[in-house]
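Right, one structure below, let's go through it.
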Amino acid sequence: MKNTSKIPPSLATKLLKEFTSYDDEFNIVDTLQDLYSYKHETDGKRKADLWYWRQVLFSITKNLYARSAWRFVMIKNYLKIAVRNIKKAKGYAFINISGLAVGMACCILILLWISDELSFDRFHEKADRLYRVADREEYSNGDVLYFSTNPPNLGPALKENFPEVINSARYRNLRGRIIQLNDHVFNEDNFVAADPSLFKMFSFPFVQGNVKSALSDPYGIVISEATARKYFGNTDPLGQNIQVDNRIDLQVTGVFGDIPSNSHLQFDFVIPFESIEEYGYPLDNWGCYAFKTYVELVDESNVDVLNGKIRDFIKQHNETAIVTLSLQPVTDIHLFCRAYGDAGDIRTVILFAVIAGFVLLTACINFMNLSTARSGGRALEVGLRKVVGANRREIISQFYGDTLILTFISLILALALVHFSLPWFNTLAGKTLSLNLEQNASLVLILLGTLLITSLVAGSYPALFLSSFQPNKVLRGTLKAGAKSSTFRRTLVTVQFVLTITMIIGTLVLNRQMHFMRHFKLGYNQDQVLTIGLKGDLERNKEMLKAEFQKLPGVSGISAVSDLPTRLSYSRILSEWEGRDSDDKFLINLLLADHGLTHTLQMEMAEGRYFSHEIPTDTSEGIVVNEAAVRLMGMDSPLGKRVLGGRIIGVIKDFHFASLHSKIEPLLIGCPKDGYRYLMVKIGADNVAETHRRLQKIWSRINPGIPMEYEFLDEQFDRIYRSDLRVEKIVNAFSFLTLFIACLGLFGLASFTAEQRTKEIGIRRVLGASMSRIVALLAREFTKWVLLSNLIALPLGYLIMRRMMASYAYKVSLSWWIFIAAGGGALIIALITVSFQAIRAANTRPVDALQYE
Amino acid sequence: MKKLTVIEEAVMLAIYRLKDNAYSVTIHQEILDMTGKDMIIGTLFNTLKQLHHKGYLLKKTGKPVKSGKSIMLYQISNKGIEALEQTRAMHSRIWDEMPKVLYRGG
């Protein structure tokens, strides 16, 4: 009797159903169920359950084994054959594996870099709900500018007026603070003022102290873990006092964990935003665009709708404003908001991804070429396998397996290569990447992906082509595998060299552009100009310092400025000028510079004169503009016109005060009594060290205890182009490697051809052919294909480079010699590679080649 | 020469003994009765499949059981009988050549 209420353990049944399959209707599950109910009646539930479990587990193993036993046997055979093939042709295997390993290593390095770039600001728990308020300025002449600094009133007002905004945080970097602790003095740049909500919105966890109350004390300060170690060592930092700028005493109220390098916000000291007035910034204002504003939105709020609502928010409070607001996701800031200097750029990411693809493709082509070249030898094996009953699918999987083994060995090698080259790559790319497989799940996925894609691409040709051999033809010997596939191989070599030559062109153009930018006529002379940051009381003591410096024999010019010509973001003000159309609204860059500027930097005037000591009204109402500003304001005779409550006394020739990525913007120069932050000192070329020592001495006499922070202007200039330089270096390295890999493949292919034609060469030699003729014979074949790649690559490279160069406002012309050099260079290197093999083949004695005939 | 493994032999014998009522459940029980061995169902199904593949067994859909599913009845084919007889012949030939009482090792 069957009893339906006796149900066996359901988990076991589920497992059984999952892992066994039989065609019959009354299958293994039903049988066991029946038997279970008998067992249940005779032996009771406990015994029956145990019995059932045992049955299920063993059935599953039996079933799995029965299904795959033959496969294991065959896999063992495939492995054996694969190892034998490697052993039989060690040279080819070496070229195959090492080429692929180098290619994969490059690919992994670049992918590591890319995944780091893409990971920016994604570690915040609320990353998808955090936005930064971005401003858009539209000028009357159609220019559009984007920036991300806002008035201090904006953040709280947004939170108050829009229910979608849960939290807002204002943020301002107060770089260049002097911090004193006991007798030690430090210069700190990562010093910011921020609302306490910053720590609520972003995932910057506290290590010590209370997140909620840490920033409620106006004289509290929170510091990073690294800073706490640097300042206080092992003592408890909480409650310690430090002094900022020689006047403000602050107490440490909290310590936060160090900011990860993949965060666009980088800070070590945070003071409450409310105390920002102490540092000279307004707190209640709708016109001072100096503060970054971040907002956190409620879940699933529609950003597009909110963007529409906040668009003209500032205009509602400040009629003269011309900015419109929008929100940008924090995760987009690093890659999609092009700020100069260290920030990333999505175009670079794409460029690198393309390079990674190129390198890997080149290595894969090598692999495919050498595999197909050697496939002739394996045709017999395939024929025999087919005769004894292998079907096509099995042969395909065998060849994919073969490549999988080789790619796996390459991957191990590549990982080793990456491990050893990572420190080098890190210095090159300015990153702190690490190859940590346990912590980096995406990296493991990337590696497995690389492995699979490589073996799929590299293994496809041999797998699909060889498996299509008809056994009778192969075994009768009428099918010559090598001959048929040579067209295919030539095509691949052509593709490979198209990639390589394109990359060489790119490298040459990029190098030229960098050279061009670093030696561009900037409109001022930046050589031997020392810049010194004015600190603390010094702003007031500037005249004294200037007078003292001026006396030194090595100093030929001196000027105080509000911003350096290499700093890229100037303060901008809404400008008024005589004859302005009331609809024209512009924010124009403003520079404060005293009388010495033109002399120190050797700038030239286009019209009028520069500020002069003899005319005292210059300080109160004189204004110098650049030529771009004159064009913008549309003035025919600018001298004497009123601008911003001042009068234009001169027009200075355009000079580059920003990166060469952008055109020269309009600039106003004023010369008020204070507001200066830097001194620029032009020093003579000889005795630099002595002059420098004297400057230092004067500084410490006037400002005891405060370190002099100085830098040469051209060093700063180079720093603007640091990320460009990095891209250049990385592209250089990888295009060289691509060329290397391509040549490695050509080398293998040439030696294969030479080997195949050993007899032909022997006979030619016997009949009296000269060495050079034989070398020419072998080289001609490959030369033809490299020439063809030149024909394709040169126009292709031209088109790509023209698009890439569009991002530079000032660029080199794409001169013809670059293309000739790239094409010719590739050709010569290819020729050398092939000739090396050809000479060796021609040098063998004909007797050795022919004695077995 | 058609040889059967011990498991195959047991399954075939059980089916022979069950005549018209040989399906998975009864075969399992019969083997348990015959040999006292609690056979793993997975093994039983694999063996049945192999024997059928070799042509020793015939399959026939039987009447539905309580759950509504039709059971699969097994029957030994002529080829199967031949294999059984050959196996028995081999067994008896070997055993006939053995002494009636086996000596135990030291």
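The values are calculated or read from the model by the stated rules, or taken from the named source; none is laboratory data. For clarity, every value in this text was computed on a predicted model and none was experimentally measured. Neighbour counts are summed over all protein chains in view; Cβ atoms, including those assigned to glycine, are modelled from backbone coordinates with ideal geometry.
Kindly establish whether A:V349 is crowded, with 20+ Cβ neighbours inside 10 Å, touching a helix residue (DSSP H, G or I) at 6+ places or on another chain (Cβ under 8 Å) and assigned to a helix (DSSP H, G or I). For A:V349, the condition - crowded, with 20+ Cβ neighbours inside 10 Å, touching a helix residue (DSSP H, G or I) at 6+ places or on another chain (Cβ under 8 Å) and assigned to a helix (DSSP H, G or I) - is not met.
Checked against the criteria, A:A750 does not count as more than 28 Å from A:S98 (Cβ to Cβ), among the small types (G, A, S) and at pLDDT below 85. When the residues of the range A:387-404 are filtered to those that are loosely packed, with under 14 Cβ neighbours inside 10 Å and not charged (D, E, K, R), which remaining residue is nearest to A:V457 (Cα to Cα)? Ranking the qualifying residues of the range A:387-404, first place goes to A:N391.
The helices (runs of 4 or more DSSP H) falling completely within the range A:603-716 include none with 2 or more residues that are assigned by TED's automatic domain parsing to the domain that holds A:Y281.
Within the range A:278-319, the residues that satisfy the criterion of being polar (S, T, N, Q) and loosely packed, with under 14 Cβ neighbours inside 10 Å are A:N302, A:Q316. Pairing residues of the range B:10-35 that are touching a residue at least 24 places away in the same chain (Cβ under 8 Å) and over 18 Å from B:K60 (Cβ atoms) with residues that are in a helix (DSSP H, G or I) and of a type in the set (S, T, N, Q), at Cβ distances under 7 Å and at least 6 apart in sequence or on separate chains, gives B:A10/B:T35. Pairing each residue of the range A:213-236 that is of a type outside the set (D, E, K, R) with any residue that is assigned to a helix (DSSP H, G or I), provided the two are 6+ apart or on different chains, yields C-beta distances under 7 Å for A:P218/A:E274; A:P218/A:S275. Within the range A:665-688, can one find any residue that is among the acidic types (D, E) and under 33 Å from the mean Cα position of the chain (by Cα)? So far as the range A:665-688 goes, yes, one or more of its residues are among the acidic types (D, E) and under 33 Å from the mean Cα position of the chain (by Cα).
Listed here are the residues, each with its yes/no results for (1) under 16 Å from A:R172 (Cβ atoms); (2) assigned to a loop (DSSP other than H, G, I, E, B); (3) under 38 Å from the mean Cα position of the chain (by Cα); (4) of a type outside the set (S, T, N, Q).
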{"residue": "A:V207", "(1), (2), (3), (4)": "no, no, yes, yes"}
{"residue": "A:I221", "(1), (2), (3), (4)": "yes, no, yes, yes"}
{"residue": "A:A228", "(1), (2), (3), (4)": "no, no, yes, yes"}
{"residue": "A:N234", "(1), (2), (3), (4)": "no, yes, yes, no"}
{"residue": "A:G239", "(1), (2), (3), (4)": "no, yes, no, yes"}
{"residue": "A:I242", "(1), (2), (3), (4)": "no, no, yes, yes"}
{"residue": "A:G254", "(1), (2), (3), (4)": "no, no, yes, yes"}
{"residue": "A:I259", "(1), (2), (3), (4)": "no, yes, yes, yes"}
{"residue": "A:V270", "(1), (2), (3), (4)": "yes, no, yes, yes"}
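Taking the range A:30-64 as the range and being buried (at least 19 other Cβ atoms within 10 Å of the Cβ), more than 8 Å from chain B (Cβ to nearest Cβ) and under 59 Å from the mean Cα position of the chain (by Cα) as the test, the residues that pass are A:Y52, A:V56.
State yes or no: is A:I333 at pLDDT 85 or above and either in a loop (DSSP other than H, G, I, E, B) or within 30 Å of A:N732 (Cα to Cα) (or both)? Criteria not met by A:I333. The criterion of at least 1 residues that are at pLDDT 85 or above and not assigned by TED's automatic domain parsing to the domain that holds A:S735 is met, among strands (runs of 3 or more DSSP E) falling completely within the range A:77-180, by A:130-138, A:165-173.
Selection within the range A:12-28: residues that are within 11 Å of another protein chain (Cβ to nearest Cβ) and either farther than 16 Å from B:K69 by Cα or surrounded by fewer than 16 Cβ atoms within 10 Å (Cβ to Cβ) (or both). The member of this set that is modelled with the highest pLDDT is A:L16.
Within the range A:272-321, the set of residues being in a helix (DSSP H, G or I), out of contact with any strand residue (DSSP E or B) (no Cβ under 8 Å at 6 or more places or on another chain) and closer than 28 Å to A:R122 by Cβ comprises A:D304, A:V305, A:G308, A:K309.
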